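The values are calculated or read from the model by the stated rules, or taken from the named source; none is laboratory data. Keep in mind that this is a model prediction, so the values were computed, not measured. Note that we place each Cβ from the backbone using ideal geometry, even for glycine, and neighbour counts take in every protein chain shown.
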Amino acid sequence: MTSPLIERLARDGRLDCMFVNGEWLPPQGQARATVTDPSTELPVAEIALGSAQDVATAVAAARRAFAGWSATAPAARASLLGQLHRLLLERAEDFAQAISLEMGSAITVARKAQVPIAAEHIRVACELAGSYAFVSQREGMAIVREPIGVCGLITPWNWPLYQITAKVGPALAAGCTVVLKPSELSPFSALLFAEALHDAGLPPGVFNLVNGEGPEVGAALASHPDVDMVSITGSTRAGVLVAQAAAPTVKRVAQELGGKSPNVILPDADLAVAVPAAVAAGMRNVGQSCSAPTRMVVPRARLAEVERLAADAVAAMVVGDPRADATTHGPVANQAQFRRVQEMIGVGLAEGARLVCGGPGRPEGLERGLYARPTVFSDVRSSMQVAQEEIFGPVIVIVPYDTVDEAVDIANDTIYGLGAHVQGTDLEQARAVALRIRAGQVHINNPAWSPHAPFGGYKRSGNGREYGVEGLQEYLETKAVLGWAPGTAA
């Protein structure tokens with residue numbers, strides 16, 4: 001890795017800086033966090049944590065920069081985002097290695113998914129900045145879409161770069177200025193991203209980064225009166241706390257929160273295709289994806305065949321050292337999540353779910369590291385805890401159904417509504433089922449991921465949308481100017 005930040009980290013074992021007003025500055029407080037390699041459970045670095053005072057400094061810088069940045073031509077913003085996109089691709093290996101170290105992503109996954117799809121969000125933001133109609137006319141009036149202002153962005157540890165670019169890209173394209181609080185558990189990729197933005201030539205104060213914990217830095221961002229919008233990706237609990245903190249200042253709140261997504265396998269599905277795809281989707285990123293379809297809803301008459309195919313798919317996975325090219329699934333990202341996964345596997349056994357494969361403990365031969373056994377439960381009832389609660393690990397539950405109507409009811413039997421999958425050979429039936437599922441994004445027969453497809457939740461999975469034009473519009477206010485065209489006066 002060639003980044004000056006990474007070189008400093010390798011030399012000193014610590015990073016005592018935040019990025020504010022175009023400069024790397026020490027935070028005002030003395031708090032530190034230890035970053036641990038989940039594959040070894042050993043500390044790899046210390047990072048400085050910011051405080052509410054540091055948030056205030058960063059917000060002030062963003063506020064000062066807003067007038068100039070919001071007045072730049074969209075084409076100029078597009079040009080800068082294009083330069084950022086090129087830098088992300090040039091530095092892709094640095095980012096991949098950082099993500100693998102900080103949260104245990106298998107290096108092949110980091111190279112093929114974590115980094116390139118993160119870069120896609122910047123590419124799309126670049127395109128939209130150059131093509132979106134920020135001013136349009138109808139019935140003699142102008143409809144003006146203006147940047148909302150200073151945006152506080154709070155991102156998680158599971159897709160650390162991808163979640164940053166999904167927010168920062170459209171915010172900058174819209175003309176907003178930003179204060180980012182990445183997860184303190186996966187800070188390296190965020191710091192590399194700040195470095196890339198600086199090198200791309202972003203004006204001082206437009207993008208600012210303050211590391212810190214949610215109760216301190218996140219709460220300060222959400223409640224700050226000079227922050228016009230806060231966008232959070234995280235747990236439903238964290239989203240509620242942010243919304244409560246934001247309420248007194250009536251700022252806009254966008255939330256991409258928890259999920260317990262269904263994968264409805266219809267009676268006519270080709271199981272040899274559908275089941276391995278369902279297992280792969282449910283356990284991508286070691287199951288640490290908010291929209292992972294971890295509830296496989298299957299025809300009861302075909303349950304035994306589904307179980308066999310699911311077990312075979314899990315057996316083909318290679319769990320191990322995330323830096324090894326053969327590894328498909330690395331460790332769980334942190335100690336708290338490892339405990340959660342082990343606890344919920346125990347809950348599934350206690351509830352009477354039938355274990356198809358996996359179970360508690362580490363995989364054989366992996367005595368050290370936060371490695372969990374990819375686990376599949378069957379004969380799960382929708383009322384069970386393992387079918388209702390987000391586990392955020394490599395655990396899939398198989399819920400059998402007798403009729404398609406019952407399958408839809410099971411799919412919707414959740415407080416969440418982020419994502420869903422439907423698989424079947426009769427496309428008309430698959431479409432009909434997809435339209436009945438209460439979720440923000442539904443995939444029919446495992447289509448390719450699209451950075452233009454709006455992403456967000458129903459129910460307790462959040463508010464607002466990310467990705468594509470809908471994601472850009474979250475960062476815009478709408479102004480109507482009547483009398484814009486001549487001859488329209490009353």
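Within the range 408-426, does at least one residue satisfy the condition of being of a type in the set (D, E, K, R), within 17 Å of ARG381 (Cα to Cα) and more than 24 Å from the chain's Cα centre (by Cα)?
Kept after step one, since they are of a type in the set (D, E, K, R), are these residues of the range 408-426: 409, 413, 426.
Then keep just the ones that are within 17 Å of ARG381 (Cα to Cα); that gives 409, 413.
Remaining after also requiring more than 24 Å from the chain's Cα centre (by Cα): 409.
Yes, some residue in the range 408-426 is of a type in the set (D, E, K, R), within 17 Å of ARG381 (Cα to Cα) and more than 24 Å from the chain's Cα centre (by Cα).
Take GLY424 and decide whether it is farther than 20 Å from ASP270 by Cα and not assigned by TED's automatic domain parsing to the domain that holds TRP159. So GLY424 does not fit the description; no.
Picking from residues in the range 135-162 that are surrounded by fewer than 24 Cβ atoms within 10 Å (Cβ to Cβ) and among the hydrophobic types (A, V, I, L, M, F, W, C), the one that is nearest to the chain's Cα centre (by Cα) is TRP157.
Right, ASP325: modelled with pLDDT of 95 or more, over 21 Å from ILE410 (Cβ atoms), among the acidic types (Asp, Glu) and assigned to a helix (DSSP H, G or I) or not?
Details: modelled with pLDDT of 95 or more: yes; over 21 Å from ILE410 (Cβ atoms): yes; among the acidic types (Asp, Glu): yes; assigned to a helix (DSSP H, G or I): no.
So ASP325 does not fit the description; no.
Looking only at residues in the range 372-397 that are among the aliphatic types (A, V, I, L, M) and touching an Asp or Glu at 6+ places or on another chain (Cβ under 7 Å), the one that is farthest from GLY259 (Cα to Cα) is MET384.
Of the numbered criteria (1) under 23 Å from ALA280 (Cβ atoms); (2) in contact (Cβ under 8 Å) with a residue 24 or more places away in the chain; (3) in a helix (DSSP H, G or I), the one SER105 fails is (3). Output the residues belonging to the range 1-30 that are within 26 Å of the chain's Cα centre (by Cα) and β-branched (Val, Ile, Thr). Hits for the range 1-30 are ILE6, VAL20. Scanning the range 410-437 for residues that are touching a Lys or Arg at 6+ places or on another chain (Cβ under 7 Å) and either charged (D, E, K, R) or surrounded by fewer than 21 Cβ atoms within 10 Å (Cβ to Cβ) (or both) yields ASN412, ILE415. For the range 371-398, the set of residues classified as under 22 Å from the mean Cα position of the chain (by Cα) and either part of a strand (DSSP E or B) or among the aromatic types (Phe, Trp, Tyr) (or both) consists of TYR371, PHE392, VAL395, ILE396, listed by residue number.
Would you pick out the residues in the range 199-227 that are under 20 Å from GLN53 (Cβ atoms), of a type outside the set (S, T, N, Q) and not in a helix (DSSP H, G or I)? Before you say what the answer is, go through the steps one by one.
We begin by selecting, within the range 199-227, every residue under 20 Å from GLN53 (Cβ atoms); these are 204-205, 207-227.
Okay, now just the ones that are also of a type outside the set (S, T, N, Q), so 204-205, 207, 209-210, 212-222, 224-227.
Matches in the range 199-227: PRO204, GLY205, PHE207, LEU209, VAL210, GLY212, GLU213, HIS224, PRO225, ASP226, VAL227.
Only residues that are closer than 24 Å to ALA274 by Cα and crowded, with 19+ Cβ neighbours inside 10 Å were counted across the range 441-456, and they come to 5. Against the test of being in a strand (DSSP E or B) and either in the same structural domain as GLY287 (by TED's automatic domain parsing) or under 24 Å from the mean Cα position of the chain (by Cα) (or both), the options ALA33, ALA58 yield a single qualifying residue, ALA33. Among the residues of the range 145-167, those that are in contact with a Phe, Trp or Tyr (Cβ under 7 Å, 6 or more places away or on another chain) and either in a strand (DSSP E or B) or of a type in the set (A, V, I, L, M) (or both) comprise ARG145, PRO147, ILE148, VAL150, CYS151, LEU161, ILE164, ALA166.
In this structure, is ASP94 assigned to a helix (DSSP H, G or I), crowded, with 21+ Cβ neighbours inside 10 Å and in contact with a strand residue (DSSP E or B) (Cβ under 7 Å, 6 or more places away or on another chain)? Reasoning before the result, please.
On the way: assigned to a helix (DSSP H, G or I): yes; crowded, with 21+ Cβ neighbours inside 10 Å: yes; in contact with a strand residue (DSSP E or B) (Cβ under 7 Å, 6 or more places away or on another chain): no.
Answer is no for this residue.
In this entry, ALA272 is excluded by the filter for residues that are without any contact (Cβ under 8 Å) to a residue 24 or more places away in the chain and surrounded by fewer than 23 Cβ atoms within 10 Å (Cβ to Cβ). Taking the numbered list (1) outside any strand (DSSP E or B); (2) buried (at least 24 other Cβ atoms within 10 Å of the Cβ); (3) touching a residue at least 60 places away in the same chain (Cβ under 8 Å) in turn, VAL178 passes all entries but (1).
Annotation note: of LEU192, LEU128, the sole residue that is touching a residue at least 24 places away in the same chain (Cβ under 8 Å) and within 30 Å of VAL318 (Cα to Cα) is LEU192. Among the residues of the range 457-482 satisfying the criterion of being buried (at least 18 other Cβ atoms within 10 Å of the Cβ) and among the aliphatic types (A, V, I, L, M), which is nearest to the chain's Cα centre (by Cα)? Ranking the candidates gives LEU472 first. Would you check if ASP226 is over 19 Å from the mean Cα position of the chain (by Cα), surrounded by fewer than 24 Cβ atoms within 10 Å (Cβ to Cβ) and within 30 Å of ARG308 (Cα to Cα)? Taking the combined requirement at face value, the residue does not satisfy it.
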